[in-house]
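Right, one structure below, let's go through it.
The values are calculated or read from the model by the stated rules, or taken from the named source; none is laboratory data. These numbers were taken from a predicted model, which means no experiment stands behind them. No Cβ is skipped: glycine too gets one built from the backbone with ideal geometry, and neighbour counts run over all protein chains shown. SASA here: full protein model, heavy atoms, side chains in, ligands and nucleic acids out. Shrake-Rupley method; radii C 1.70, N 1.55, O 1.52, S 1.80 Å.
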Amino acid sequence: MVRAAAVRNVGRRIRAAAVLLLAPILCGCWYSLSISIVSGVGTDPLAISSGSDPALDGDVRDDGEVVTSGAIFAGFDPAASAPRPEYRGFLSFDILSVPPGALVESATVTLTADRVDLLPGSAGAILDFDSVDYDGRLSSSAFGASGTPVRSTAAGIRTVGSRAIAIDVTPEVQAVADLGRTRFQLRVLCSGGLASLVDGAGARGGGLPPDPALAPVLAVRYR
């Protein structure tokens with residue numbers, strides 16, 4: 001028992017040293033990323049919290065227009081004349097620290113629908129999400145790229161105004177990590193109106209001042 005306890009203590013010291021070594025590497029990068037060790041029975045799980053990348057966040061309109069700064073649009077603008085163009089929003093999170101072969105115990109994305117403008121006669125806007133890989137640059141091809149619907153939001157998320165949204169993306173992050181990808185990326189679709197989502201820099205719609213505290217975050221726990 002003494003030897004087992006010593007081995008566990010050595011393992012914890014090694015993992016703690018690894019986290020300290022990562023700190024100077026991550027310092028100064030665009031994203032907000034934190035890593036912690038969660039004590040438990042057996043192998044200690046790691047937990048990361050990663051803010052979305054404002055350089056890769058954005059929206060794409062169905063005519064190919066791409067915007068990667070400011071609030072993210074998803075849906076159909078009631079102020080536009082028919083036929084109204086569709087916007088699809090995109091979010092990108094760093095998962096470089098989740099290695100291939102890791103077991104993802106939980107993964108949650110939180111984001112803020114800062115403003116919702118409903119179409120005439122609509123009872124609410126429905127947000128749908130899918131996991132999609134558009135790699136290191138958002139382009140017009142991301143609008144119709146093949147994706148995997150997020151299982152936890154199969155029925156969509158209904159909203160009639162500003163609200164915080166949390167979605168379970170555990171199996172989707174697991175699948176992306178198993179492929180060895182370094183980013184987890186989401187596409188946001190909306191029906192019934194136009195949703196304005198806060199981006200990774202905290203940019204908001206409707207002329208509201210930026211608020212980084214409302215920026216999207218991916219929290220992952222893995223071992």
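Averaged per residue, the range 108-167 has 50 square angstrom of accessible surface, using a 1.4 angstrom probe with ligands and nucleic acids left out. Rounded to the nearest 10 square angstrom, L119 shows an accessible area of 40 square angstrom against a 1.4 Å probe.
For the range 66-105 versus the range 135-209, the inter-centroid distance based on Cα atoms is 4 Å.
Solvent exposure of E105, expressed as accessible area, is near 70 Å², computed with a probe of 1.4 Å over the protein chains only. The residues packed around S152, meaning those with a beta-carbon under 14 Å from its beta-carbon, carry a net charge of -3 if Lys and Arg are +1 and Asp and Glu are -1.
A simple charge model with +1 on the Cβ of Lys and Arg, -1 on the Cβ of Asp and Glu and nothing else charged puts the dipole of the range 71-127 at about 140 debye relative to its Cα centre. When each of the peptides 199-205, 76-82 is scored by how many other beta carbons lie within 10 Å of its residues on average, the order from highest to lowest is 199-205, 76-82.
Each Lys and Arg adds +1 at its Cβ and each Asp and Glu adds -1 at its Cβ; summed about the Cα centre, the range 153-223 shows a dipole of about 60 debye. Between the residues C190, P209, A219, the greatest Cα displacement towards the positive end of the dipole of the range 177-223, with unit charges on the Cβ of Lys, Arg, Asp and Glu, is found for A219.
Rolling a 1.4 angstrom probe over the range 80-223 with all protein chains present gives an accessible area of which 53% lies on carbon and sulfur atoms. Taking a sphere under 14 Å around the Cβ of P120 and counting the other residues whose Cβ falls inside, with K and R at +1 and D and E at -1, yields a net charge of -1.
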